[in-house]
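Encoded as structure tokens, the structure appears first; notes follow it.
What follows is calculated from the coordinates using simple rules that are stated; it is not laboratory data. These numbers come from a predicted model, not from an experiment. Cβ placement follows ideal geometry from the backbone for every residue including glycine, while neighbour counts extend to all protein chains displayed.
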Amino acid sequence: MADKKNLKFGDVFFAELNQDAYLKKIYEDILYNYAIKVFGFNKRRKREIPIKDALAFADLLSKSNHATLYDSQKMWAQEIVTMLHYIYPEDEKVSYIAGSVLSSIGNYQGTNIVKSSFDGVGTLDKIFAGYKKEYYTIPADPEKQFMSAQKIVYDHFADEYYSYSGPTSMGKSYIMRMFIKQQIFSGVKNNFALVVPTKALINEVRIKITDDLQYMLHENNYHIVTAAGDAVLMKNSEENSERRYIFIMTPERLLYLLINEQNIQLDYLFIDEAHKLSGADNRSPFYYQIVHMLSEREHRPHFVFASPNVPNPEIYLSLIAGVESNESKKQKLASSFSPVSQVKFLINLDDNEVDVYNEHTKETVPLTSIALEDADLTDVLLRFEKDDKGVERQCIIYFPSTRKTVVAARDFAANRVEKSNDKELIELAKDIKNDIHGDYYLAELISKGIAYHIGYLPASIRQRIEDLFRAGSITALFCTSTLVEGVNLPADNLFITDFKNGSKHMKAVDFRNLIGRVGRLEYNLYGNVFLVASSEKANEKYVTLLQEDIAPQTLSIEKGLTKPQKQNVIEALLHGTVELVKYPEKQSADSYDLMRKFAIILLNDILKNRNSRVRQEFRQLMKPGDEDKIRALFASNEEYIQDDDITISVDQSESLHQAISQNGLEFPAVDEQGNFDSVQLLAFLERLCRIFKWEIYESETLGHVGKYSKKHGRLSWYAVILSQWVQGDGLNKIMFQAISYKQRNPENALYIDNNYVDYNDSREHRNIVISDVLSVIDKVILFKISNYFLKVSKAYKEIRQVEKVPNDWYEFVEYGSTNKKIINIQKHGFSRESSLYILNHGKDYIAQTEPELKLKKSLLECSNEGVKKDAAIIKYNIPDLFVD
């Protein structure tokens, strides 16, 4: 009885409204008519819709104050008026009530889109509406307003820690940017760090923050830093003691910055896409290490976690030292409200049937059959290529693998002609041919307004593709999981061709994150998601993913490793080794890497007596005295102390320490002209292979042993590409040499679809070689080898007690050159490609190189689009770099 007494009228009323059969019937009819119009089934009989009743229901739902149905009912109201506005674009009553509904739910941008004349009903209502709009006004951008959830989150950023989640279109990173902008505008002197999951996102966030702040950066002595070697970070003179930073980095980069620059104080740590801390992502340990290191500092930063669609975002606060679970539950927000509605269609190519999915009944609504027999994906894409006025739609097409992405993009392009009147497309196509290779498929696709977006593409080209897609010049973008990992691109339609990410099935959280990428609040209130299935089984899997609620998340330390794998780690440490045996025999490389990184963290925490979340998890499986035994086994070497780098285990570090201190390990010599002996380089890599035990820890790449040759064939190949890369060779030259090698050695030269085949020098095989080389540069040269060289460089400085390493190959790899001038230009924010261009046109654009670099302002108007875009950003970050 007590519970009934405490019930509010709103809870009862809106709970009953949610089950109203008439509302459900009206909504399904609206959904059906919307779908009929989207598909252009004009001859199909539409259902009768009582518009007045539909708008009345929308108005009621928009005012929901139900304790748990609040978000979903407001979204339901938005969906009704959004679809009605699409079906009846000229109906003034629909537009008027849509404005009322959108204003009521706080979607002020939406009211601008529907161009509603609504400004409140009656004087008091108008006064309250004006007050409410002012309350939600964004301090750093007074022309815009926050949504309710955004405002709640924004107001909590001053707290010691906070974690929030919401749909992709909630604008989670936008709130961070507006907070930083307001802090700087208010004269606050803080250092901010934004952690993004991939390098592909660094430049996107850098561009957005630069655009937000522009000249405010220089006026307030703030600088954006994306790498530890950035020039603005290196200027530590007394006159720059007031300099403040905005760090935009991957977790790996930030960890190395914290290890190497321990004097840098962070005041705010924002972790975007925090759901990477769940599951078996082998990069998640970097987040653990960063958060724990910073939470142990005397001056702890404010910790902010943002994740998509997670029902329990407070789980990530448990990584912060000293935060109790009862405290963390108060410091979180889990919102399901999205300002953009996503309508989901299921297209089954197996039986040519089309359905639309009803989110509120969790059922599919049959529409009709596809007009074409034996239709394939290209047929479906062509159907939605243009709207009913002939204007090309913005479409993103998702694939689980690179190969499928490229093939599908080419198939679609076969039906298009070149856009010869678009100068930017022509310019980019020409640059791709010149910079990568004349036969590279991407150049041909670009000229037709089509592109593929893959992580290994050079950053400068990838950024221009994203810019041209946002501008509408590129209208069809075929992509891999880079879209799932946070790249934000506007699109009207999203086509999902598989329920996998790579070879693994997508989880509900990733699936919802992917779906949320469609829809552009700047232009409309909806986006269409087409789930394309080639079999009934795939169709059923899509329906399951749509029906599945996102489960409460766990941390990767809890479920990413099995209990036997954790016990494997403990047993190894108790035997005085970190040379873990894979468990079981078929354990994947990623799972083994995750296990190994957690083992490194655990050992380090035991030795330093740190009560981290990792140590707490393993401690549950340990016997009394186990930690003391491990400490005794590994603390015997007083000369060597393990640092906080989790990519290198103690056995590797001790071996490296001995190689430098006793056996004279040094990087290969490089003369004044930047030349070196490639034979010595390979010998150096072979030596590192033994020091770092690559045959055990990098058996798939750096330490791979040929099945028949028993040699490090892949390492030899990497050495060739590494030599070309640090010599400053352009990608075009590297590709030419790689293809030439395959021409001379065609036997079993390519690995395609799990088989070795002979190289035939066809355009297809050339493109496979190009893709392989780009992938090696991205994943092996710039990630794996770069990280190992960084470790050598750091150890050398500590052991030899020097500030600078002779022939620092870490720098050569990181900047792709042994040329000091090119390295210096890159340290100021230019890409490798832009730096090569500037140096090659030095008379036109370089004012001086000593004592510090100065570039001519004419560079801001140079003919190279990539260079010009780099310069346009850098002029705000380092304005004194440019002189008349």
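Observations on the model:
- Semi-axes of the equivalent ellipsoid for segment 721-855, Cα gyration tensor, largest first, Å: 33, 21, 10
- Distance from segment 409-458 to segment 784-852 (C-alpha centre basis), Å: 31
- Percent of C-alpha pairs per 10 Å bin, segment 612-684, short to long: 14, 30, 27, 15, 10, 3, 0
- In units of the rule-of-thumb radius 2.2 N^0.38 Å, segment 2-135 shows an alpha carbon radius of gyration of 1.14.
- Translational diffusion coefficient (Stokes-Einstein; Kirkwood radius from C-alpha pairs) of segment 381-464 at 4 °C, 1.567 mPa s, in µm²/s: 95
- Equivalent ellipsoid semi-axes - Cα gyration tensor, segment 155-334, angstrom: 25, 18, 16
- For the chain, the relative contact order comes to 11 percent (Cα pairs under 8 Å, sequence separation of at least 6).
- Unsatisfied cross-links (Cα-Cα over 24 Å) in the set 172/608; 332/500; 794/820; 448/779: 172/608; 332/500; 448/779
- Relative contact order for segment 819-883, counting Cα pairs under 8 Å that sit 6 or more residues apart, in percent: 31
- Per residue Cα convex hull volume in Å³ - calculated over the chain: 194
- Volume per residue that the Cα convex hull of segment 561-644 spans, once the total is divided by residue count, Å³: 93
- Convex hull volume per residue in cubic angstrom - Cα atoms of segment 115-198: 142
- Extent of segment 317-450 along its three principal axes (Cα atoms, max minus min coordinate, largest first): 61, 46, 30 Å.
- The relative contact order of segment 97-256 comes to 18 percent, based on Cα pairs under 8 Å that sit 6 or more residues apart.
- Rounded to two decimals, the Cα radius of gyration of segment 96-249 over 2.2 N^0.38 Å is 1.26.
- Backbone amide hydrogens, once placed in the peptide plane, bring residue 750 within less than 5 Å of 757, 759, excluding anything fewer than 5 places away on its chain.
- Tail fraction, Cα-Cα pairs, segment 437-534, threshold 24 Å, whole percent: 24
- The convex hull around the C-alpha trace of segment 698-763, projected and averaged over every direction, spans 5.3 square nanometres.
- Only Lys, Arg, Asp and Glu carry charge here, each on its Cβ (+1 for the first two, -1 for the last two); on that basis segment 155-334 has a dipole of about 340 debye about its Cα centre.
- If you model segment 819-883 as an ellipsoid using its alpha carbon gyration tensor, with each semi-axis the square root of five times an eigenvalue, the axes come out at 15, 13, 12 Å, biggest first.
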